[in-house]
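J.: Next up is a structure, given as structure tokens.
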Amino acid sequence: MKKGLLILWILLLSLCAQYVWAEETIAPDPLERKAVKELVEDNTQNVRDAISKNGAVVYTYIPNQLFRVYCQEERLVDIQLQPGEELIYIGGGDTVRWVVDKEISGSGAAKQWHVYVKPLKAGLMTNFVINTDKHTYHLELIATTWYTPVISWVYPQEEKIALLRQKAEEKKREEESIVLGNGTLESLNFGYIITAKSKRYSWKPKMVFDDGLKTYIQMPVEMRSSEAPALFIKEGKELVLVNYRVKNNYYIVDRLFNEAELRCGPKQVIYIKKVSR
């Protein structure tokens, strides 16, 4: 009998020890809990942080921030994602007492995903995560006596990058464009003949013309992978090496000439001759 009681006491003490150990390991540190709570609150955007646009609450999208959404029983909140992005996943902490649906509006470039949420009763709180091919939205949903009918976002960082990319492309096109000396197409003269000692030259010009002030020699794209020829202008019986600028496969010479030669070495020669205006 005594032996049985001893075994029982040992089992009870063992269970108590396990319970105390579990409590010690699971119970959160109050300071850590406070730190996490402050961190979450500092990174949560409320309606006070948003702007309004035609009845919509418009948040500024920042990765890993939380966005607070106020919901109401018997009212549907329309969460509008960025036009063009594809919806991948919707997950919620409480999907039993919250009604969730999704649908697409528009088509093509105007295609837009909508996520609709509605609480089944007041006083509920949960979180939702929405993943798309471009963003992850962390939402804090609160069911109360009023609601935010439409939620959407602006993406200033992406818009800034797109603007910078557009300006860079415009600058590149501007740099690559050929600006005529007097700015008129009527003054262009294409009266030039191009002859070569061999048809195999990858650097044979495709076209030569002038605008009355400058001469433009359009070189083939293939020349980029081969040696670029030097340009000589014939003055009397002499050949004079001249300077030129290269812009978007064009040799641009700041003068006119009647005859010129493109040379790669002493034997590879292409002749350019003006014949008429």
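J.: Mean Kyte-Doolittle of at least -1.0 plus a Cα span of 15 Å or more along the axis: flag which DSSP H helices in the chain meet both, please.
T.: 2-26, 30-42
J.: Would you kindly state how much longer the chain becomes between A196 and V99 on full extension, computed as 0.36 nm times their sequence separation minus their alpha carbon distance, in nm to one decimal?
T.: 27.2 nm
J.: Hey, what's the Kirkwood Rh for the chain if you take every pair of different alpha carbons, in angstrom?
T.: In the chain this quantity evaluates to 26.5 Å.
J.: Which whole-number percent is the relative contact order of the chain (Cα, under 8 Å, 6+ apart)? Spell out each step's value before the answer.
T.: Values: 487 pairs, mean separation 39.5, N = 277.
Computed value for the chain: 14 percent relative contact order.
J.: Within the stretch 77-159, report the chymotrypsin sites (Phe, Trp or Tyr not before Pro) that DSSP leaves as loop and that have at most 13 other Cβ atoms within 10 Å.
T.: Working: sites: Y89, W98, W113, Y116, F128, Y137, W146, Y147, W153; in loops: W146, Y147.
Here the sparse-neighbourhood loop sites are W146.
J.: Report the gain in length on full extension from Q157 to N54: 0.36 nm times residue separation, minus Cα-Cα distance, nm rounded to one decimal.
T.: Here the answer is 34.8 nm.
J.: Let me check I've understood the local charge: for F257, count other residues with C-beta under 9 angstrom from its C-beta, Lys and Arg +1, Asp and Glu -1. What total comes out?
T.: Net of charged neighbours comes to 0.
J.: Taking 7 Å along the Cα-to-C-beta vector as the label spot, tell me the I88-V275 distance in nanometres, rounded to one decimal.
T.: Computed distance between label sites I88 and V275 equals 6.2 nm.
J.: Here's something else I'd like to know. Once you have the Cα-Cα distance between S187 and N243, take 0.36 nm times their residue separation minus that, and quote the gain in nm to one decimal. The partial results should precede the final answer.
T.: On the way: separation 56, 0.36 × 56 = 20.16 nm, distance 2.33 nm.
The S187-N243 span can extend by a further 17.8 nm.
J.: Okay, helix-only estimate at 222 nm for the chain: each DSSP H run of n ≥ 4 adds -39500 (n - 2.57), divide by all residues, round to 500 deg cm²/dmol; what do you get?
T.: Calculated at 222 nm, the ellipticity per residue is -7500 deg cm²/dmol.
J.: Would you mind telling me the share, in percent, of accessible area of the chain contributed by carbon and sulfur at probe 1.4 angstrom?
T.: Result for the chain: 55 percent of the exposed heavy-atom area is carbon or sulfur.
J.: For K167, list the aspartates and glutamates whose Cα falls under 20 Å from its own Cα; do not include residues on the same chain fewer than 8 positions away.
T.: K167 reaches E158, E159, E175, E176.
J.: Taking loop as defined by DSSP and a crowding limit of 16 other beta carbons within 10 Å, which trypsin sites (Lys or Arg not before Pro) in the stretch 57-146 fit?
T.: R75, R97, K111, K121, K134
J.: Between L164 and D78, what FRET efficiency comes out of the Förster formula 1/(1 + (r/R0)^6) with R0 = 41 Å and r the beta carbon distance, rounded to 0.05?
T.: Plugging the Cβ-Cβ distance into 1/(1 + (r/R0)^6) gives 0.80.
The values are calculated or read from the model by the stated rules, or taken from the named source; none is laboratory data. All of these numbers come straight from a predicted model, not from anything done at the bench. Note: ideal-geometry Cβ built from the backbone for every residue, glycine included; neighbour counts use all protein chains shown. Calculation scope for accessible area: heavy atoms of the full protein, side chains included, ligands and nucleic acids excluded. Shrake-Rupley method; radii C 1.70, N 1.55, O 1.52, S 1.80 Å.
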